[in-house]
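Trainee: I have a structure here, written as structure tokens, and I will follow up with some questions on it.
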Amino acid sequence: MGGTVKPNSAGADSRAAGQVVLLGCGFVADLYMRSLQATPGIEVAGVWDRDATRLAAFCTHWDVPARDGLAALLARAPNALVLNLTNPAEHFETTKACLEADRHVYSEKPLAMMLDDAKTLHTMAAEKGLMLASAPCSALGEAAQTLGHAIRSGIAGTPRLIYAELDDGFVPQAAYDKWLTESGAPWPYEDEFRVGCTLEHAGYYLTWLISWFGPVRTVVAASAETIPEKEGAGPFAPDFATATLFFDNGPVTRLTCSIVAPHDHGIRIVGDKGVLSCKAAWDNSAKVRFARRINLRRRLMEHPFPQTVRLKQPTHPKVKRWGAAAMNFMLGPVEVLEALRDGRPCRLTNDFALHLTEVTLAIQNAGETGGAQTMTTTCDRMEPMPWAK
């Protein structure tokens, strides 16, 4: 489904191969800038946002160059990777414009709000030989890679069932009006409530799962809005969704997302020999544990003192905790840039981005009667990072 990808025209020029431009400088853009500080060799060659006041505050705080429009942003750095950090409803049109300008794009999630639009972008990228990658990139992080290594190594035996939780607490009662980034961007609560927690957050575990097991064959899901009177202008997306995922080559998985239930970002992989677990999807350094299964005085149980599973260090640059997350948001863009520079396949393929989008939309849009949905897209399993093989 992919097509041949054009290499970066800068060739062996390491400076040009390490350039990015930021399209949009809202709340999430500061998280990318914090990650850039931990990532040597990447230059921000320009930033543009339609909000001139926000653009000025962001560029002043981070000391990066502002541009006066999308055309100028692209023209001033013709070899830079575009990081599309606009609001989700604008992802399709802005990414489309960048692809039409023959630019590789790394998009914040989701790739598009509608599957047909995501497929249009995928087709355009394939026809032009361009990379089209999608966040989140935590599947490239240490915690996800450690779990993947443990699964491949058979520490827990054959995985039989997975439970994954992405519950964020009763967010409508949180003090979100006080959530500000370093450069002063407020948390965009109206947009978050309209887009929905599933489109915003399901990818944090879906990318892990798809990277380990490959494509999802069938999604059996339900979603609902359980808190109807949120602040801001609706209509609002479901604030709860749950799905049972059937993979072509993996265990049955139950994934739940909400901004209602008490905070829980844990994942448990139940195998023949015991349980692998991780409690923090948004922490690249989160501990991975294995509790072997034992019989004690006729009682079947998981060992009360699980062992910690570790990879040899070093792995990748880490970012200190900010708010709820300790994630390096630049792991994805760096993977794209290095693949372009080295002329190798990118782990975050175009097919991966499209399949992630379809699965996520299937979960969010299931409603009360969506039921079983057969996926129309596919992708390959992800090649492990060199330090996780």
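The values are calculated or read from the model by the stated rules, or taken from the named source; none is laboratory data. Treat the numbers as computed from the prediction; the structure is a model and nothing was measured. Using ideal geometry, Cβ is built from the backbone for each residue, glycine included, and neighbour counts are taken over all protein chains shown.
Trainee: Within segment 35-43, can one find any residue that is at pLDDT 95 or above, touching a Ser or Thr at 6+ places or on another chain (Cβ under 6 Å) and not aromatic (Phe, Trp, Tyr)?
Mentor: no
Trainee: Would you check which residues across segment 333-350 are of a type in the set (S, T, N, Q) and more than 21 Å from Trp212 (Cβ to Cβ) and list them?
Mentor: None - no residue of segment 333-350 is of a type in the set (S, T, N, Q) and more than 21 Å from Trp212 (Cβ to Cβ), so the list stays empty.
Trainee: Inside segment 359-373, can you point out the residues that are surrounded by fewer than 21 Cβ atoms within 10 Å (Cβ to Cβ) and touching a residue at least 24 places away in the same chain (Cβ under 8 Å)?
Mentor: Asn365, Gly367, Glu368, Gly370, Gly371, Ala372, Gln373
Trainee: Oh, and also: If the requirement is being in contact with a Cys (Cβ under 7 Å, 6 or more places away or on another chain), closer than 16 Å to Asn284 by Cβ and in a helix (DSSP H, G or I), which of these qualifies: Ala139, Ala143?
Mentor: On inspection, the qualifying residue turns out to be Ala143.
Trainee: Taking helices (runs of 4 or more DSSP H) that do not extend beyond segment 39-132, which have at least 1 residues that are touching a Pro at 6+ places or on another chain (Cβ under 9 Å) and under 23 Å from Thr376 (Cα atoms)?
Mentor: 91-100, 115-128
Trainee: Please list, ordered by first then second residue, the pairs with beta carbon atoms under 8 Å, 6 or more apart or interchain, first in segment 188-201 and farther than 16 Å from Cys257 by Cβ, second hydrophobic (A, V, I, L, M, F, W, C).
Mentor: Pro188/Phe27; Glu190/Ala233; Asp191/Ala89
Trainee: Which of the residues belonging to segment 248-268 are closer than 14 Å to Ser223 by Cβ and either buried (at least 19 other Cβ atoms within 10 Å of the Cβ) or without any contact (Cβ under 8 Å) to a residue 12 or more places away in the chain (or both)?
Mentor: Leu255, Thr256, Cys257, Ser258, Ile259
Trainee: Separate question: Need pairs with beta-carbon distance below 6 Å; first residue touching a residue at least 60 places away in the same chain (Cβ under 8 Å) and within segment 33-61, second surrounded by fewer than 17 Cβ atoms within 10 Å (Cβ to Cβ); sequence gap 6+ or separate chains.
Mentor: That search, which allows pairs on different chains as well, returns Ala38/Pro317; Thr39/Pro317; Ala57/Gly184.
Trainee: Additional query: So Ala156 passes all but one of these: (1) within 30 Å of Leu55 (Cα to Cα); (2) in contact with a Lys or Arg (Cβ under 6 Å, 6 or more places away or on another chain); (3) buried (at least 20 other Cβ atoms within 10 Å of the Cβ). Which condition number does it fail?
Mentor: (1)
Trainee: How many residues does segment 128-156 contain that are closer than 19 Å to Pro345 by Cβ and out of contact with any helix residue (DSSP H, G or I) (no Cβ under 9 Å at 6 or more places or on another chain)?
Mentor: Qualifying residue count for the region: 1.
Trainee: If we only count strands (runs of 3 or more DSSP E) wholly inside segment 264-381, which ones have 3 or more residues that are of a type in the set (A, V, I, L, M)?
Mentor: Of the strands (runs of 3 or more DSSP E) lying wholly inside segment 264-381, those with at least 3 residues that are of a type in the set (A, V, I, L, M) span 267-271, 288-296.
Trainee: May I ask you to list the residues in segment 347-358 that are buried (at least 24 other Cβ atoms within 10 Å of the Cβ) and touching an Asp or Glu at 6+ places or on another chain (Cβ under 7 Å)?
Mentor: Matches in segment 347-358: Leu348 only.
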